[in-house]
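Inspection log for the structure reproduced underneath, given as structure tokens.
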């Protein structure tokens, strides 16, 4: 039907004429209530945003001379974070003369990751940055 007829029909029914496929020959249009359509689209966007997965980056820091009991406690905390689907940034802080023993600190960081009782993947490899070694781990996808 012609454009004028379609506009008259839309006005009679009390709806809006919306162009769906402008590149089609002839262009395809639809009669809808534009306000209701916008409301439903906004509602749909809100629902999608609400259902998104939210991951946080948690941090665990320790020094090379931190005791085994404290490291066990931090490993338990890391397991709790991973069960909640959070990523963890683990840092070994080196000060002064501790930097001379950086290989031992790196080994301690690897040991700590092994202590965590949860399947993990490394998002970022162990690297020396700033004043110590850092690594980012995340829970493995199941």
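The values are calculated or read from the model by the stated rules, or taken from the named source; none is laboratory data. What you see is a predicted model, and the numbers here were worked out from it, not measured in a lab. Glycine gets a Cβ as well: all are built from the backbone with ideal geometry, and neighbour counts include every protein chain shown.
Listed values, structure above:
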quantity: Residue within the stretch 61-84 that is part of a strand (DSSP E or B) and modelled with pLDDT of 90 or more present; calculated: yes
quantity: Residue match in the stretch 51-58 (condition: in a strand (DSSP E or B), within 24 Å of the chain's Cα centre (by Cα) and surrounded by 10 or more Cβ atoms within 10 Å (Cβ to Cβ)); calculated: yes
quantity: Some residue of the stretch 32-49 being surrounded by 10 or more Cβ atoms within 10 Å (Cβ to Cβ), touching a strand residue (DSSP E or B) at 6+ places or on another chain (Cβ under 6 Å) and either within 30 Å of residue 109 (Cα to Cα) or not assigned by TED's automatic domain parsing to the domain that holds residue 78 (or both); calculated: yes
quantity: Residues within the stretch 91-121 that are farther than 15 Å from residue 64 by Cβ and touching a helix residue (DSSP H, G or I) at 6+ places or on another chain (Cβ under 8 Å), tallied; calculated: 5
quantity: Matching residues, the stretch 109-142, being surrounded by 17 or more Cβ atoms within 10 Å (Cβ to Cβ), in a strand (DSSP E or B) and over 23 Å from the mean Cα position of the chain (by Cα); calculated: 132, 133
quantity: Residue within the stretch 62-75 that is out of contact with any helix residue (DSSP H, G or I) (no Cβ under 7 Å at 6 or more places or on another chain) and more than 30 Å from residue 102 (Cβ to Cβ) present; calculated: no
